[in-house]
Amino acid sequence: MAKVGVVGTTSWGTTLATLLAEGDNSVMLWTRTPEEADVLREDGENKRFLPGVKFPPNLIVTYLSEEAFSQADLVLIAVPSSTFRDNIRRVASAFDKDALVVSATKGLEISTGLRMSQVLVEELPRDMRVNICVLSGPNLAGEIVQGKPSSTVIASQNPDAAMKAQEIINSPPKLRVYTNDDIVGVEFGGALKNIIALGAGICDGKGLGDNAKAAFMTRGLAETGRLAAAAGANPLTLAGLAGLGDLVATCSSRLSRNHQLGEQLAQGKSLAEIRKSMVNVAEGVNTTAAAMALSRQLGVEMPITQAMYSVLFEGVPIEVAITNLMERSPRPE
């Protein structure tokens, strides 16, 4: 039995905590305030994000970071990228120096363009950096919590850390876990696919058809692969679960927050209006801004990301953005 501490009472954090507790691990779910801990303990479930899903007996809720993490073999972090650094600063001092630290956050830090593992490198003590891992793949929390089969990837530059995390998180028959040593590719696949999912939602919301959506997804994968490769990733990683697999799931499912946001944009709602109405965070919005800045820094052409940026932040009408993409000069694939 492993001891696991989870940072994040989000739908994804609660799903992972529940899944691992069902697997007979001892799981501590950390909350930022004692009031939130009291509510979750009293309800025996996370009514805000996962209503109706009862906590297993092995899942304990606490707001005390020492209680949650000081004896944890593995720490899972599943919070929005916008609050990732702040959360780490709150709890990192409580981590056991030998703990595996696994980011399950799919996004880029908007102010720096950093991946979450890079944020961990900056915030964790030097001797803990060898145990940094990331988790990413086609993992819609709403399906996993229902017990539907899924697969994911644990990536780390340290193969031993990846295999240890794999052993703890692998939860047959619900969740099959693979390992990968390309932490850059796995993180970029998980983060950048959210940009394409926004556009896929627009395709569906506008009724543009399957041809348009398939082309959008395919060309989107091509440009996210270019950016990932320029940052040091293996392009083949983007053809795996953390790339193509996650892209297909997120662009195809209406469970996807980013797909939902794109659909609502297509219906004429403003970005501010949509974000205010959403309980969960759609990571694709901030990731679009971070990816645009990073693409300029690395000299990578990303026309689809540019189109999404123009719609989200520059007030360009969706129809104009589509026309601009379609009227680009023809070129080899």
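Nothing in this text is a laboratory measurement; each read-out follows from the coordinates by a stated rule. Remember, it's a predicted structure, so these values are computed and weren't measured experimentally. Neighbour counts run over all protein chains shown; Cβ positions are idealised from the backbone, glycine included.
Points to keep in mind about this one:
- Cross-link pairs K148/K206; K47/K276; K174/K213; K3/K97; K97/K193 - those with Cα-Cα distance over 22 Å: K148/K206; K174/K213; K97/K193
- Taking a straight Cα-Cα cut-off under 20 Å and skipping sequence neighbours fewer than 8 places away in the same chain, the aspartates and glutamates within cross-link reach of K269 are D204, E283, E314, E319.
- A Förster distance of 22 Å, applied to the separation of the beta-carbon atoms of D38 and E66, puts the FRET efficiency at 0.75.
- Among N280, N131, N170: highest mean-square fluctuation, GNM of the chain, C-alpha pairs under 10 Å: N280
- Think of the chain as a dipole: +1 on every Lys or Arg Cβ, -1 on every Asp or Glu Cβ, centred on the Cα centre; then among T15, N258, S329, S329 lies furthest on the positive end.
- Zone of D160's modelled label, taken as backbone nitrogen in the stretch 85-122 under 14 Å from a point 7 Å along Cα→Cβ: 98-100
- Order of R126, R257, R89 under a 10 Å beta carbon neighbour criterion, fewest first: R126, R89, R257
- Axis angle, to the nearest 10 degrees, between helix 159-169 and the longest C-alpha principal axis of the chain: 80 degrees.
- Calculated FRET value between S93 and K148, using beta carbons and R₀ = 41 Å, to 0.05: 0.65
- Highest to lowest packing among 1-8, 210-217, scored as the average C-beta count within 10 Å: 1-8, 210-217
- Whole-angstrom gap from the stretch 60-78 to the stretch 215-286, using each part's C-alpha centre: 30
- Ellipsoid semi-axes for the chain, based on the Cα gyration tensor and the rule √(5λ), read 33, 22, 18 Å when sorted largest first.
- R296-V279 pseudo-label distance in nm [points 7 Å out on the Cα-to-Cβ vector]: 3.7
- At an R0 of 30 angstrom, the distance between the Cβ atoms of D127 and D24 translates into a FRET efficiency of 0.50.
- L100 long-range amide H proximity, modeled H, under 5 Å: L74, V75
- Largest mean-square fluctuation among S111, S65, S150, in a Gaussian network model of the chain whose springs join Cα atoms under 10 Å apart, belongs to S111.
- For the chain, the longest principal axis of the alpha carbon atoms and the long axis of helix 34-43 meet at an angle near 90°.
- The calculated 222 nm mean residue ellipticity attributable to helices in the chain amounts to -15000 deg cm²/dmol, summing -39500 (n - 2.57) over DSSP H runs of n ≥ 4 and dividing by all residues.
- Under 18 Å from the E319 label point (7 Å along Cα→beta-carbon), backbone N, the stretch 208-232: 208-209
- Global geometry of the stretch 3-181, whether rounded, prolate or oblate, following the gyration tensor of its Cα atoms and the 1.5 cut on a/c: rounded
- Cα gyration tensor category, rounded, prolate or oblate, for the stretch 128-223 with a/c compared to 1.5: oblate
- Relative to the longest principal axis of the Cα atoms of the chain, helix 210-230 runs at roughly 70 degrees.
- Annotation for the stretch 129-198 versus the stretch 294-333: alpha-carbon center distance of 29 Å.
- Cβ crowding within 10 Å averaged over residues, with 180-187, 114-121, 43-50 ranked highest first: 180-187, 114-121, 43-50
- Largest first, the extents of the alpha carbon coordinates of the stretch 184-326 on the three principal axes equal 38, 30, 28 Å.
- Share antiparallel - DSSP beta bridges, the chain, percent rounded to 5: 20
- Segment N211-E167, length gained on full extension (0.36 nm per residue, minus Cα span): 11.8 nm
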